[in-house]
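**Q** Pasting in a structure now, in C-alpha cells, and then I'll have a few things to ask.
Nothing in this text is a laboratory measurement; each read-out follows from the coordinates by a stated rule. All values derive from a computational prediction rather than experimental measurement. Reconstructed Cβ throughout: ideal geometry from the backbone, glycine too, with neighbour counts over all protein chains shown.
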Amino acid sequence: MGNRHSATRANLSTAEVSAATGWSPQQVRDLEAHGVLPPAQRAPNGYRRFSPEHLRDLHTYRDLASAVGPVQARRTMRQIRAMPTADAVAHVCDLHARLNQEREQALAARHALTAISTEATTDSSPADGDTMTITELAGALGVRASTLRFWEREGLVHPERVPTSAGTARRYPAPAIREARITTALRAAGYRIPEVRHAITAVRELQEVSRSLAALDERLALIAQRSLALLRAGAALAEIVRTTGENP
C-alpha cells in the first residue's frame, strides 16, 4: 500500500502522516503543539517534515488515549520525555496500576452486589441484636458518620430512628447495613449516586438485579479493552523513555 511505503521514509509531509495514521492534518499539527509529538523538523520552505518515530508516537497516543483518556494521554506523552528515566518508567507503571485498581474495585462491587442480593432473598426479619449504631457501622465500613447521613439523604440507606433520652438516634438493621455495604462498594468503584441508587433499588425490590450486574460486567469488559490498549502502547512508550534517556 502507498501509505505503508511512505511511512518508511525519513521525511514525511503532514499530509502523508495524516494518511498513514488517520489523524487529520490539523490534528497532527495540534498534537505536535501539545507535546504529544516531539517538534518536527522544518524544510527550507518552512513545511514540517516528520519521521517514522512521529508515526509511532501518533499510533501510541491513540492507544494511550483509549486506555486512560486523551487528557492523561497528552500529559503522559509530554512528561515521559521530560522526566528522568526512572521517573518516566514509574509514571507508565502507575497507569497500569490505576487500571488494575479500577478492575479490582469493579470486581469487588460485583461480588458485593451478588452476595448481598442473594442475602436479600434469604434474610429473616432482623432481631434487635442485628442492628448497629451509626458509629459502629461507619467504623465497620471505613467511612465517616457524615457520609452515612449523606447517603441517607440521597435515599441510599434507610436507617431506623429510635427514641433516646436526648431525642432520637439512628439504628441500622440488617437491610440498612446491606444497603450501606452495597453503596460503599459501588462508590469505591467510581459509580455516581444515581447509579448506586439504581443498584440499591434493584436489591430492595428483588427485581432486575441482573441489570446492575450486567452494568458491572460491561465495565469490566471495558477495563479489559483499555488494558489491552495500554499494553499495545507499552513497547513504544518504553522506546520513547529509552531514547529520551539516552539523549537528554
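**Q** State log₁₀ I(q)/I(0) for region 6-117 at q = 0.19, 0.20, 0.21 Å⁻¹ as given by the Debye formula over alpha-carbon point scatterers of equal weight, solvent excluded.
**A** Result of the Debye calculation: -0.97, -1.03, -1.10.
**Q** In terms of modelled amide H atoms, which long-range or inter-chain residues lie less than 5 Å from the amide H of Q41?
**A** Correct list: R49.
**Q** How much mean residue ellipticity at 222 nm does the chain get from its helices, if each DSSP H run of length 4 or more adds -39500 (n - 2.57) and you divide by all residues, to the nearest 500 deg cm²/dmol?
**A** After summing the helix terms and dividing by residue count, I get -23000 deg cm²/dmol.
**Q** Among A188, A43, A180, whose mean-square fluctuation peaks in a Gaussian network model of the chain (Cα, cutoff 10 Å)?
**A** Its mean-square fluctuation being the largest, the pick is A43.
**Q** Just the number: Rg to Rh for the chain, Cα atoms, Kirkwood Rh, two decimals.
**A** 1.20
**Q** Okay, next question. Quote to one decimal, in nm, the extra length available between Q79 and A145 on full extension: 0.36 nm per residue of separation minus the C-alpha distance between them.
**A** 19.8 nm
**Q** For the chain, with the dipole built from +1 on Lys and Arg beta-carbon atoms and -1 on Asp and Glu ones, taken about the Cα centre, which of T201, L228, Q26 lies farthest toward the positive end?
**A** Farthest towards the positive pole: Q26.
**Q** Still on this structure, please answer the following. Among S212, S165, S13, determine the one that fluctuates most according to a GNM of the chain built with springs between C-alpha atoms less than 10 Å apart.
**A** Among S212, S165, S13, the largest mean-square fluctuation in the Gaussian network model of the chain belongs to S165.
**Q** For region 135-248, what log10 I(q)/I(0) values come out of the Debye formula at q = 0.10, 0.12 1/Å, with one point per alpha carbon and no solvent?
**A** The Cα Debye sum returns log10 ratios of -0.48, -0.59.
**Q** Considering amide H positions built from the backbone, and no H for Pro or chain starts, which residues 5 or more places from M132, or on another chain, come under 5 Å of its amide H?
**A** Y172
**Q** Using Cα springs under 10 Å in a Gaussian network model of the chain, which residue among Q105, Q41, Q72 shows the largest mean-square fluctuation?
**A** Q41
**Q** Membrane-span-like helices in the chain: DSSP H runs reaching 27 Å or more (Cα, own axis), mean Kyte hydropathy at least 0.0?
**A** Going by DSSP H runs, the hits are 209-246.
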